[in-house]
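The values are calculated or read from the model by the stated rules, or taken from the named source; none is laboratory data. Computed from a predicted structure; not experimentally measured. Quick reminder, even Gly has a Cβ in these numbers, built from the backbone with ideal geometry, and neighbours come from all protein chains shown.
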There are 2 protein chains.
Amino acid sequence: MPELRKDPISGRWVIISIERGKRPSDFISPSQKRRAGGFCPFCPGNEHTTTPEIISFRPASTSPNSQGWTLRVVPNKFPALQIQGELSKKGEGVFDQMNGVGAHEVIIETPDHQLSLATMPLRAVEDVLWAYFFRLSDLKKDFRLKYVLIFKNEGEIAGSSLEHTHSQLIALPIVPKIVKEEMDSAKKYYENKERCIFCDIINQELSADKRVIYENDKYLSISPFAPREPFETWILPKQHESSFSPPDKSFSSFAEILQRTLRQLDKVLDSPPYNFIIHTSPFKDEINDYYHWHVEIMPKLTKTAGFEWGSGFYINPTPPEEATKYMKEAKI
Amino acid sequence: MPELRKDPISGRWVIISIERGKRPSDFISPSQKRRAGGFCPFCPGNEHTTTPEIISFRPASTSPNSQGWTLRVVPNKFPALQIQGELSKKGEGVFDQMNGVGAHEVIIETPDHQLSLATMPLRAVEDVLWAYFFRLSDLKKDFRLKYVLIFKNEGEIAGSSLEHTHSQLIALPIVPKIVKEEMDSAKKYYENKERCIFCDIINQELSADKRVIYENDKYLSISPFAPREPFETWILPKQHESSFSPPDKSFSSFAEILQRTLRQLDKVLDSPPYNFIIHTSPFKDEINDYYHWHVEIMPKLTKTAGFEWGSGFYINPTPPEEATKYMKEAKI
């Protein structure tokens, strides 16, 4: 019999459909391995075709927007939001609107067109995380902005329009609905129990050991109890930490578990398209006892999302306990 | 400059990205026109290959599960939930689960493989709506069930695995998160204003006349103020009505506006894949003054859903006022 499971943070229910039980090989999606050829605006030599860089990691001997970089952050050429202008809000009867002040940036993770976050040197993954952190710290100073969403779309099916590996950030004058919901729910749990709900989940998962994929000194990766999609995977700091930041000024442990998780997914699901999102506390509430930052990685394997995001109701044909086994056994 | 808009019912914000402003011809998605050929379990003559029918519309001279029907409702062959068994709930530390009691049914809308809801005779559309209503009324009697989600996935990209036109329903032992949120939000508005928020929106839309696509005697179709996707369209009863039901025992006006809307979408977007969902009050609160049933139709045009449903945050490149113009001008 199928099982209904509730995610304790968001309150959403999912159906774990065991009858439809699917193995990794049942998911046919185009492998996201890099192809060569064609013009790429993110490749070295084409720096002039992007908007001018905001920051880059490059030797002091090279100039901005020229070759020699190892990582670049540039404004999105077709930004969803604009950094210029004052924030103004207005109502129109029952409706609320504001102008689209914010930022939309692209993190070009490596100059090498053939690499991905899973295959680049570990040190380069650390650099990507530092770039996220630097941009977040900088955008935080802008009093108009309330939240920065950092995310990655890997593969065309997951919404990426360019093959060259990159992440994005969108800085917003509002706190997005799902972040607000997670914060409210975690706060409520804390008021009731005086414990962080994520810390409780981590302790329970470590002691049950049915959904823990991997842990290193500082982080663990799990298949969440009520995953929306097959092989949904979360990475969380083991110690309470409310906002995305480098513990002891190092991202090495986080880079290690992030890259390992992406390699496991690549191995088990043949380089699937995926999205990941960094879930972190809003600026105004950066340090708190109730919210626990984490990354949610979602391989894009099923096509039913249309109905599911319309109803807030998910059918998942792969139990997370099964997904965990496949992930652990992956020879990476 | 882009605009941020808030949906007053769900509280979600969307970015209306005017710089990225997209016209209908910018959306390239495979046309969902029917192809012939190949075995189809929903075609007449193949009744024995589906699970036995729950109800069908057919002449009295024909037997169940044989030819001669004009509409059939059958249990889904791979159900997400099962009708047998007692509902049992249990906890596992911080987690909640229950067994998957419920129903998952398929409404085969016509015997003709070449037709769609947009192209079938209007009378057949009415029959589809009656089938929804009969099944809803029947499932309501099962005290284990709290909600019935009625939806349609049109086209493979929208999650449909069979080309022959059909809708689905899932009967649930819980009220889904998005339904609960909409109910709570509408109730709060009512407590504050003693008016239905949907009624207020309808009045405002009719008087502003910027986003009204069409109205007949009983219903109107609009592009919502803060649409998640280009050409998202809602159909609502003009008079307050909390649950999906036939006014004056007739679905003719609703069939007319539903089919017209689907024809407009087919014309403007070249038969796009789409999802629609009927939003209606839960069984236990079927008649109320604050919630207003409606249908949300969502063409599946963009690929960014992965990030967007992960963050609850939407970027829409087509302002609803533009979409309304295209829809109104469609020669159907």
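Scanning the stretch B:291-304 for residues that are within 14 Å of another protein chain (Cβ to nearest Cβ) and touching a residue at least 12 places away in the same chain (Cβ under 8 Å) yields B:292, B:294, B:295, B:296, B:297, B:298, B:299, B:300, B:301, B:302.
Residues B:276, B:307, B:313: which one is within 14 Å of another protein chain (Cβ to nearest Cβ), without any contact (Cβ under 8 Å) to a residue 40 or more places away in the chain and of a type in the set (A, V, I, L, M, F, W, C)?
Numbers: B:276 fails: without any contact (Cβ under 8 Å) to a residue 40 or more places away in the chain; B:313 fails: without any contact (Cβ under 8 Å) to a residue 40 or more places away in the chain.
Going through B:276, B:307, B:313 in turn, just one is within 14 Å of another protein chain (Cβ to nearest Cβ), without any contact (Cβ under 8 Å) to a residue 40 or more places away in the chain and of a type in the set (A, V, I, L, M, F, W, C): B:307.
Of all residues assigned to the stretch B:84-101, none qualifies as being under 30 Å from residue A:193 (Cβ atoms), assigned to a loop (DSSP other than H, G, I, E, B) and at pLDDT 95 or above. Need pairs with beta-carbon distance below 6 Å; first residue more than 7 Å from chain A (Cβ to nearest Cβ) and within the stretch B:75-99, second of a type outside the set (A, V, I, L, M) and assigned to a loop (DSSP other than H, G, I, E, B); sequence gap 6+ or separate chains. Once the first residue is more than 7 Å from chain A (Cβ to nearest Cβ) and sits in the stretch B:75-99, its partners that are of a type outside the set (A, V, I, L, M) and assigned to a loop (DSSP other than H, G, I, E, B) give B:75/B:51; B:77/B:51; B:87/B:144; B:87/B:173.
Checking A:200, A:270 one by one, the residue that is under 26 Å from residue A:119 (Cα atoms) and over 19 Å from the mean Cα position of the chain (by Cα) is A:270 and no other.
With respect to residue B:207, determine if the residue is more than 8 Å from chain A (Cβ to nearest Cβ) and either in a loop (DSSP other than H, G, I, E, B) or in contact (Cβ under 8 Å) with a residue 12 or more places away in the chain (or both). Taking the combined requirement at face value, the residue does not satisfy it. Annotation: of all residues in the stretch A:153-167 being buried (at least 18 other Cβ atoms within 10 Å of the Cβ) and modelled with pLDDT under 95, the one that is nearest to the chain's Cα centre (by Cα) is A:153. Residue A:196 fulfils the conditions (1) within 30 Å of residue A:71 (Cα to Cα); (2) touching a His at 6+ places or on another chain (Cβ under 6 Å); (3) within 13 Å of chain B (Cβ to nearest Cβ) except for a single criterion, (1). Screening the candidates A:111, A:59 for the property of being more than 28 Å from residue A:261 (Cβ to Cβ), assigned to a loop (DSSP other than H, G, I, E, B) and out of contact with any His (no Cβ under 7 Å at 6 or more places or on another chain) yields one hit, A:59. Mind checking whether some residue in the stretch A:251-264 is hydroxyl-bearing (Ser, Thr, Tyr) and without any contact (Cβ under 8 Å) to a residue 40 or more places away in the chain? Yes, the stretch A:251-264 has at least one match. Can you tell me which residue within the stretch B:158-174, out of those that are closer than 18 Å to residue B:276 by Cα and assigned to a loop (DSSP other than H, G, I, E, B), is nearest to the other protein chains (Cβ to nearest Cβ)? Only one residue tops the list, namely B:159. Can residue B:142 be described as among the acidic types (Asp, Glu) and either within 14 Å of chain A (Cβ to nearest Cβ) or in a strand (DSSP E or B) (or both)? Spelling it out, it is not the case that residue B:142 is among the acidic types (Asp, Glu) and either within 14 Å of chain A (Cβ to nearest Cβ) or in a strand (DSSP E or B) (or both). Note on the stretch B:316-328: among residues that are away from chain A (no Cβ under 13 Å) and touching a residue at least 40 places away in the same chain (Cβ under 8 Å), the one that is nearest to residue A:160 (Cα to Cα) is B:318. The set of residues in the stretch A:88-106 that are more than 30 Å from residue A:271 (Cβ to Cβ) and buried (at least 21 other Cβ atoms within 10 Å of the Cβ) comprises A:100, A:101, A:102, A:103. Return the residue satisfying two criteria in turn: it lies in the stretch B:12-51 and is modelled with pLDDT of 80 or more, within 14 Å of chain A (Cβ to nearest Cβ) and buried (at least 16 other Cβ atoms within 10 Å of the Cβ), and of such residues it is farthest from the chain's Cα centre (by Cα). Filtering the stretch B:12-51 for residues that are modelled with pLDDT of 80 or more, within 14 Å of chain A (Cβ to nearest Cβ) and buried (at least 16 other Cβ atoms within 10 Å of the Cβ), the one farthest from the chain's Cα centre (by Cα) comes out as B:17.
Residue by residue, here is whether (1) touching a Phe, Trp or Tyr at 6+ places or on another chain (Cβ under 7 Å); (2) surrounded by fewer than 19 Cβ atoms within 10 Å (Cβ to Cβ); (3) without any contact (Cβ under 8 Å) to a residue 24 or more places away in the chain holds:
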position	(1), (2), (3)
B:113	no, yes, no
B:137	no, yes, yes
B:140	yes, yes, no
B:144	no, yes, no
B:150	yes, no, no
B:176	yes, no, no
B:194	no, yes, yes
B:198	no, no, no
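For residue A:109, the conditions (1) of a type outside the set (Lys, Arg); (2) within 13 Å of chain B (Cβ to nearest Cβ); (3) surrounded by 20 or more Cβ atoms within 10 Å (Cβ to Cβ) are fulfilled apart from (2). Scanning the stretch B:211-249 for residues that are outside any strand (DSSP E or B) and under 29 Å from residue B:311 (Cα atoms) yields B:211, B:223, B:224, B:225, B:226, B:227, B:228, B:229, B:230, B:231, B:232.
So in the stretch A:287-307, with the set limited to residues that are at pLDDT 95 or above and not aliphatic (A, V, I, L, M), which one is surrounded by the most Cβ atoms within 10 Å (Cβ to Cβ)? Break it down stepwise before answering.
Taking the stretch A:287-307 first, the residues at pLDDT 95 or above are A:287-297.
Subset that is not aliphatic (A, V, I, L, M): A:288-294, A:296.
Details: A:288: 17, A:289: 14, A:290: 24, A:291: 29, A:292: 26, A:293: 18, A:294: 25, A:296: 20.
Out of the qualifying residues, it is A:291.
Please determine, by comparing only the residues of the stretch B:250-273 that are assigned to a loop (DSSP other than H, G, I, E, B) and away from chain A (no Cβ under 14 Å), which one is nearest to residue B:166 (Cα to Cα).
Restricting to residues being assigned to a loop (DSSP other than H, G, I, E, B) and away from chain A (no Cβ under 14 Å), the top hit is B:271.
None of B:226, B:208, B:186, B:124 is among the hydrophobic types (A, V, I, L, M, F, W, C), over 16 Å from the mean Cα position of the chain (by Cα), surrounded by fewer than 16 Cβ atoms within 10 Å (Cβ to Cβ) and at pLDDT 95 or above except B:208.
Among the residues of the stretch A:82-115, which ones are under 23 Å from residue A:54 (Cβ atoms) and small (Gly, Ala, Ser)?
Kept after step one, since they are under 23 Å from residue A:54 (Cβ atoms), are these residues of the stretch A:82-115: A:82-87, A:99-113, A:115.
Scanning the stretch A:82-115 gives A:85, A:100, A:102, A:103.
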